[in-house]
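Read the structure below first, then the notes.
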Amino acid sequence: MEQQIINGIAEAVKSLYDVDLDSSRITLQPTKKEFEGSLTFVTFGLTKQLGKNPVEIGEAIGNYLKENVAAVADFNIVKGFLNLVISDTVWVSTLAELSTSENFGRVARNGEKVMVEYSSPNTNKPLHLGHLRNNFLGHSVSLILDAAGYDVQKVNLVNDRGIHICKSMLAYVKFGNGEEPSATLKGDKLVGNYYVKFDKAYKAEIAQLIEDKKADYASIASVEDLKELKKSIEAKGASKKNKIPLTDEEKVQIKDIKALFEFAEKNAPLLLEAQEMLRKWEAGDEETVALWKKMNGWVYDGFAQSYKMMGVEFDNVYYESETYLLGKDIVQEGLDKGVFFKKENGSVWIDLKKEKLDEKLVLRGDGTAVYMTQDMGTADLKYKDFGMNKSVYVVGNEQDYHFKVLKAIMKHLGRSYADGIYHLSYGMVELPEGKMKSREGTVVDADDLIQEMIDTAEERTKESGKIDGFTEDEAKVLFQQLALGALKYYLLKVDPKKTMLFNPKESIDFQGDTGVYIQYNHAKIQALLRRADKDGINYSAAAFNGLTELSEAEADLVALLGKLNDKIVEAADSYAPSIIANYAYDVAKQYSKVYSESPIFNEEDSQKKAFRIALSKQSAEAINKSLGLIGVQSPNRM
């Protein structure tokens, strides 16, 4: 239909002004809600070429379209905007086409491969609220890309080695007393508890070292005032507004305090033991590796339960313990090609000043790998395994610089896949209570949050009386569907790049911009369809063929349903599930308007009745498919 109108505009300009207008340069946009019409053509760009004012041009083209293009029923002019009213018969035939299309909500395959890496947990703690946004975002992007025609590989790179893992291991050795996971304590939570215990004991050792060494620093009066003194002096020195310089005495104080803190943090016995444990692990010490395998095994069992509850999965899992050394050969390759250079201490770097990324370390002077070493090797491994055109990394925005550098390095190395590297950067999730800290045990555990959501969904649903006739098992399934629907929709309806505040109570509401509201509309339509089928009503396309008059709300809903595939492509191109989430809400909201304005079972006109039931069914299909693309289930009963 849009192409017919575009062709009609080109024909109008040729017929009226004898000017050839390239139809590929003609664009239509949705009409603003405050004006009548569905599509708008902006005429300002033709004024110079045609020598007429925009209103006059719009009037002439509008009349031509109304007379020569069957799809255009009427038009109106608002300055240089030609708003086109589409014939109701077009919307009737559009619904008939949508209801029989096998491609509704799915685009033809495009032959391109894309790998999406998400989750990337550490094996020293359970998944938390931040991981939920990561997992939901990565999983949804994978589903959207698949619907948009890509061959998608979903992968997880598990951070299963390093000093942070050894901290949990060492704490377990010292304080564990043989504790193991149980029915009431998942393995990932058990290991996370020991990560917190390590931090608590480590901080106590730091405090003791400061107490023992404070006499070496003449300017320091008392240990209890150290932190506050350090904060106040640093705040004063950092004040750009007041520009208050530090006194000589304060400069000495801050230098001494920093030196003392640095000494204590680096020389705490627990940290030194953890570093020694890491060295043993890298050397393959049998006892250390056995403990590592046992505790990681506990964590993987816990993760599996969490992933199942979340409704996310992976096609392949990579482990840092198997990939962290892969990049060393690439470092040598880069040195041979002159892409990298060595400094006097033996460390290897790349100069990215031309890209305004400065110099970046790719290998330490002692030959040990850094994160960039690992990521270079893993990038090559993933391409070898899958041969993708695009590689999407779903990682928080604190790593923006890292991925700019990774992409630049792989381009310098001549990797064919380098241009396809994309960092899907997202902001942190905060709660009304503030930020979370894993080491201090103040994170919001993902399992606990989901359970809280399920409990809230049960409470709200029972209050509303929406589970009448449900068995206990059916109600349990519904509560979980509503809880995860509320959680996923709330986290995904926001642009990924934005830091967001998550309020669990706000997310579960049967009214407003929530996942539950959209799910409720789907269930409402399913009940309507069950009644229509029970009553034997024919609502096939043939039953409403020939209908010539619709309400404005009905026409707008059909137009919205016809945009699903375009929205999928748009969301895939921008890696933005928020586009699909908001589309689902728009459909539910517009359907509610139609439902309230246009009777169905009390409608005497059989064509109108059939059309409205078919429109309801197609709306449910659009809701089901769009919610499915953000990983949300659509209940058939509520």
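Being touching a helix residue (DSSP H, G or I) at 6+ places or on another chain (Cβ under 8 Å) and charged (D, E, K, R) narrows it down to one residue among Lys66, Lys125; which is it?
Details: Lys66 fails: touching a helix residue (DSSP H, G or I) at 6+ places or on another chain (Cβ under 8 Å).
One residue alone meets the criteria, Lys125.
Considering every residue within region 530-549, establish whether at least one is in contact with a strand residue (DSSP E or B) (Cβ under 6 Å, 6 or more places away or on another chain) and either in the same structural domain as Val494 (by TED's automatic domain parsing) or more than 25 Å from Ile467 (Cβ to Cβ) (or both).
No, region 530-549 has no match at all.
For region 41-74, enumerate the residues that are surrounded by fewer than 21 Cβ atoms within 10 Å (Cβ to Cβ) and assigned to a strand (DSSP E or B).
Hits for region 41-74 are Val42, Ala73, Asp74.
Can you name every residue in region 75-92 that is within 30 Å of Phe544 (Cβ to Cβ) and outside any strand (DSSP E or B)?
Ser87, Asp88, Thr89, Val90, Trp91, Val92, listed by residue number.
Of everything in region 382-410, what is loosely packed, with under 15 Cβ neighbours inside 10 Å and within 20 Å of Asp329 (Cβ to Cβ)? Give them in sequence order.
Selection gives Lys384, Asp385, Gly387.
How many residues does region 293-345 contain that are buried (at least 17 other Cβ atoms within 10 Å of the Cβ), farther than 30 Å from Leu185 by Cβ and among the polar types (S, T, N, Q)?
Looking only at that region, the number is 1.
The values are calculated or read from the model by the stated rules, or taken from the named source; none is laboratory data. Since the structure is predicted, the reported quantities are computational estimates derived from the model, not experimental observations. Backbone-built Cβ (ideal geometry, glycine too); neighbour counts: all protein chains shown.
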